[in-house]
Amino acid sequence: MNDQQHNQQTYEAFALQYHQKRSHEESNLWNLYLDRPMMEKLIGSTTSGTRVLDLGCGSGLLSRWLKDRGLEPRGVDFSQGMISIAAEENPDIEFTVADIGATSYADASFELVVSGLVMHYVQDLGPVFAEVSRLLSTDGIFVFTIHHPVDEVTEVRWNGSGYQAEMKPYFHNRQYQWTMLKGMELLSYHHTFEEIAESLYRQGFVIERIMESRADDALRERYERFHARMNSYPSFCGFRARKVS
Ligand SMILES: C[S@@+](CC[C@H](N)C(=O)[O-])C[C@H]1O[C@@H](n2cnc3c(N)ncnc32)[C@H](O)[C@@H]1O
């Protein structure tokens, strides 16, 4: 079994648990307070009716938000279980089972492609970014969030009174394993900032904005340790890029 098949089977097996985790604030802090605010800022203001593809849409939560803002989203994910939940909860949105590197949509079908926390599952970003470029019309926008390159090589531990970090080698594209939920082991790949930027550049994109997630100060009292961790060491980052050629 290759890494993609491992991740596909894992997401398949944990689709419902993943969706339930995302439905409760306490188990959803990272998505709710780090990834989503960054994603919303990177997408920025949009025109009603914009055709948007949600790559690696999971159970459809971001697609729902896009639809509620007046956009026309479609979602793809390689987990049938995720797509079934997404379709059941959002009958007004089209969801399809597909790999993010090989969708069946025609060239230039979308003005916007979004992808929340999926790209770290891909070792070679080139073919996926090429597919995104194919799907976008000229001047189209690609917004994605990804594990922060520094977080991927840093071990952060709570020592009883604060967080301590140990950084490991940075310049490589190696696989790492991590646990999302008990028993839910996923395989991801480390990408440096330069590699991400060069991969975009080679597919005709220019980067308009880069963000690094932080926890809002309003969360300091309610989630003290989470706030401290997220404002001391990086966790996710996000890119907004425009297709120019
Ligand atoms: C962390 S979840 C994020 C879900 C969604 N983007 C969100 O933000 O709510 C990652 C999703 O990416 C999907 N995924 C990972 N690799 C993929 C691939 N190569 N092709 C299609 N889907 C993929 C998984 O099945 C999973 O649903």
**OP:** Select from the range 86-112 the residues that are more than 16 Å from SER133 (Cα to Cα) and either surrounded by 22 or more Cβ atoms within 10 Å (Cβ to Cβ) or modelled with pLDDT under 95 (or both) and list them in ascending order.
**Re:** ALA86, PHE95
**OP:** Could you identify the single residue in ILE146, ILE141, ILE196 that is within 27 Å of HIS6 (Cβ to Cβ), out of contact with any Cys (no Cβ under 8 Å at 6 or more places or on another chain) and in contact (Cβ under 8 Å) with a residue 60 or more places away in the chain?
**Re:** ILE196
Original post:
Which residues, taken from the range 113-162, are in contact with a strand residue (DSSP E or B) (Cβ under 8 Å, 6 or more places away or on another chain), more than 25 Å from GLN177 (Cα to Cα) and surrounded by fewer than 17 Cβ atoms within 10 Å (Cβ to Cβ)?
Top reply: SER137, THR138, ASP139
Original post:
How do the strands (runs of 3 or more DSSP E) wholly within the range 42-122 filter down when requiring 2 or more residues that are within 13 Å of the ligand (Cβ to nearest atom) and either basic (Lys, Arg) or in contact with a Cys (Cβ under 8 Å, 6 or more places away or on another chain) (or both): which remain?
Top reply: 72-77
Subject >> Neighbours by Cβ (under 6 Å, 6+ apart or cross-chain): first from the range 114-133, touching a residue at least 12 places away in the same chain (Cβ under 8 Å); second among the charged types (D, E, K, R) and more than 8 Å from the ligand (Cβ to nearest atom) >> reply: SER133/LYS243
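Let's see how each residue does on (1) touching a residue at least 60 places away in the same chain (Cβ under 8 Å); (2) on the phi < 0 side of the Ramachandran plot; (3) surrounded by fewer than 16 Cβ atoms within 10 Å (Cβ to Cβ):
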{"residue": "GLU185", "(1), (2), (3)": "yes, yes, yes"}
{"residue": "ARG202", "(1), (2), (3)": "yes, yes, yes"}
{"residue": "ARG209", "(1), (2), (3)": "yes, yes, yes"}
{"residue": "HIS227", "(1), (2), (3)": "no, yes, no"}
{"residue": "PHE236", "(1), (2), (3)": "yes, yes, no"}
Original post:
Is there a residue being part of a helix (DSSP H, G or I), within 23 Å of PHE129 (Cα to Cα) and modelled with pLDDT of 95 or more anywhere in the range 9-27?
Top reply: yes
**OP:** Could you tell me whether ASN31 is farther than 19 Å from LEU187 by Cβ, within 8 Å of the ligand (Cβ to nearest atom) and part of a helix (DSSP H, G or I)?
**Re:** yes
**OP:** From LEU66, LEU16, LEU32, grab the single residue that is buried (at least 17 other Cβ atoms within 10 Å of the Cβ), hydrophobic (A, V, I, L, M, F, W, C), at negative phi and out of contact with any His (no Cβ under 7 Å at 6 or more places or on another chain).
**Re:** LEU66
Subject >> Number of positions in the range 120-149 that are closer than 11 Å to HIS191 by Cβ, within 12 Å of the chain's Cα centre (by Cα) and of a type in the set (A, V, I, L, M) >> reply: 2
Original post:
Do the conditions hold for LEU125, that is, is it within 15 Å of the ligand (Cβ to nearest atom) and farther than 23 Å from ALA13 by Cβ?
Top reply: yes
Subject >> Selected residue (criterion: farthest from VAL244 (Cα to Cα)) from residues of the range 149-181 that are out of contact with any His (no Cβ under 9 Å at 6 or more places or on another chain), among the hydroxyl-bearing types (Ser, Thr, Tyr) and without any contact (Cβ under 8 Å) to a residue 40 or more places away in the chain >> reply: SER161
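The values are calculated or read from the model by the stated rules, or taken from the named source; none is laboratory data. All values reported here derive from a predicted model rather than from experimental measurement. For neighbour counting, all protein chains shown are included, and Cβ atoms are generated from backbone atoms with ideal geometry for every residue, glycine included.
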